[in-house]
Amino acid sequence: MKRLLRIAAFCALGFFLSTVALTLLLRFFPPLTSGLMMERRIESWFSDEPYQRHYQWTAIEKINPALGVAVVAAEDQLFAEHAGFDWKAIEKAAIYNQKHKKTRGASTISQQTAKNLFLWSGRNWFRKGMEVYFTVLIETLWPKERILEVYVNIVELGDGVYGAEAAAQYFFKKNAAQLTSSEAALLAAVLPNPRVYQANKPSSYIRGRQRWILRNMQRLGGKSYIEDLPE
C-alpha cells in the first residue's frame, strides 16, 4: 500500500512539474497547436469528412485591439477583474440549469483558454476539474494580456478556422490588423457556435449580437481597455 502511495505521489508530482513547465513555456512561445485543434482533426478521421486547419499565430500588437475588446464584451466582461472564475455568473448558471433543459455556461476567457489549449470538449467532472487546474495555472503564471493574446489566437471562429489572423483572412480577406470594430464584433458574435454561424454571412441573430457587443465595447472603454491590461 505504501509503495502504491509513493508511486501515486511521484506521478502527481511529475504531472504538476511538467504542466507548470509547459505553461511557463507557453507564456513566451506561441503554441503550435491546441487540444481543440487536435480534437477536430481526430473527429474528421472518424467522420471521413475533409478537414483543413486555418491557423496563423499573430502577436497581439499586430491584431486590431477592437477584437480583444469584442471578445471580452461578448464572453467575459469582468475579465480584467477576476482571478479566472466569475463566481456570480457560475451561481446564476447553476440556478438556471436546474430549471431548464438547455444548459447555460459561465466560463470565463481564462477558462476557455485553458480548455481550448490543453484539454478536450466535454462536461464530465474530470474534464471540468482539469479545466479548473489549468485555469489556475495560467492565471498564476501568465499576465492578463498573455491570456487574451493566446485566446484570440486559438479560439475557434469557424469550421477549421482558429484565431484572429486566420479568421480575418478567411472571412474578410484582410489581415487581423485591418479589422474594423464592426468586423471584430461579428467575429465575437459567432462564438456561441462558430461551426454553425458565419461572420461573413451573419443571420439576424448574429447581427443583433453584433450590435449588443458594439455597445458593450464602448462601455468597456474601447481600444484603451487592451492598453490597460497588465502585460
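Report, in listed order, any pair from LYS88/LYS174; LYS88/LYS173; LYS201/LYS223 with a Cα-Cα distance greater than 30 Å. The partial results should precede the final answer.
Working: LYS88/LYS174 38 Å; LYS88/LYS173 39 Å; LYS201/LYS223 25 Å.
LYS88/LYS174; LYS88/LYS173, as the Cα separations exceed 30 Å there.
Helix-only mean residue ellipticity at 222 nm, the chain, DSSP H runs n ≥ 4 weighted -39,500 (n - 2.57), per residue, nearest 500. What is it? Don't skip to the end; give the middle numbers.
On the way: 11 runs with 141 residues, N = 231.
Rounded to the nearest 500, the figure is -19500 deg cm²/dmol.
Anyone know which of ALA73, ALA189, ALA94 comes out most mobile in the 10 Å Cα GNM of the chain?
ALA94
Report the residue, chosen from PHE46, PHE171, PHE118, that carries the largest GNM mean-square fluctuation when the chain is represented by alpha-carbon nodes joined by springs under 10 Å.
Per the Cα network of the chain with a 10 Å cutoff, PHE46 tops the list.
Diagonalise the Cα gyration tensor of the range 121-209 and give the resulting equivalent ellipsoid semi-axes, square root of 5 times each eigenvalue, largest first, whole Å. If you can, show how the numbers build up before the last one.
Numbers: eigenvalues 141, 58, 23 Å².
Taking √(5λ) for each eigenvalue gives 27, 17, 11 Å, largest first.
What residues have an amide H closer than 5 Å to that of LEU157, excluding those fewer than 5 places away on the same chain, when H is modeled at 1.01 Å from N in the peptide plane?
TYR162, GLY163
What nm value, rounded to one decimal, do you get for the distance between LYS128 and LEU24 when each label is placed 7 Å out toward the C-beta?
It works out to 3.2 nm between the two label points.
Tell me, how many Å apart are the Cα centres for the range 3-74 and for the range 167-204?
About 22 Å separates the Cα centre of the range 3-74 from the one of the range 167-204.
What's the angle, to the nearest 10 degrees (0 to 90), between helix 109-118's Cα axis and the longest principal axis of the chain?
Its long axis makes an angle of about 60 degrees.
Which of LEU157, LEU24, LEU179 ends up with the largest GNM mean-square fluctuation for the chain, with Cα atoms connected below 10 Å?
Evaluated over the chain, the most mobile residue of the options is LEU24.
More than 28 Å apart: what percent of Cα pairs in the range 56-192 qualify?
Working: 1616 of 9316 pairs.
More than 28 Å apart: 17 percent of the Cα pairs in the range 56-192.
Using a ≥ b ≥ c from the Cα gyration tensor of the range 11-62 (square roots of the eigenvalues), is it rounded, prolate or oblate, where a/c under 1.5 gives rounded and otherwise the larger of a/b and b/c decides, a/b for prolate? Intermediate values should be presented prior to the final figure.
Values: a/c = 5.74, a/b = 1.33, b/c = 4.31.
It comes out oblate by the Cα gyration axes.
Could you size up the charge dipole of the range 33-78 around its Cα centre, putting +1 on the beta carbon of Lys and Arg and -1 on that of Asp and Glu, and report it in debye to the nearest 20? Working shown, then result.
Working: 4 positive and 7 negative charges, 41 e Å.
The calculation lands at about 200 debye.
Between 0 and 90 degrees, rounded to the nearest ten: what's the tilt of helix 144-154 against the longest Cα principal axis of the chain?
80 degrees
If N is the number of residues in the chain, what value comes out of its Cα radius of gyration divided by 2.2 N^0.38 Å? Before the final figure, lay out the partial values.
On the way: Rg = 18.3 Å, N = 231, 2.2 N^0.38 = 17.4 Å.
The value comes to 1.05.
I need the P(r) histogram for the range 1-105: all alpha carbon pairs, bin width 5 Å from 0 out to the longest distance, whole percents.
Result, from short to long distances: 2, 8, 8, 10, 15, 17, 17, 14, 6, 2, 1, 0 percent.
Once the Cα atoms of helix 65-75 and of the chain are each reduced to a long axis, what angle between those two axes, in degrees from 0 to 90 to the nearest 10, is obtained?
70 degrees
Every number in this text was worked out from the coordinates using simple rules, so none of it is lab data. These numbers come from a predicted model, not from an experiment. Here Cβ is always computed from backbone atoms with ideal geometry, including for glycine, and neighbour counts include all displayed protein chains.
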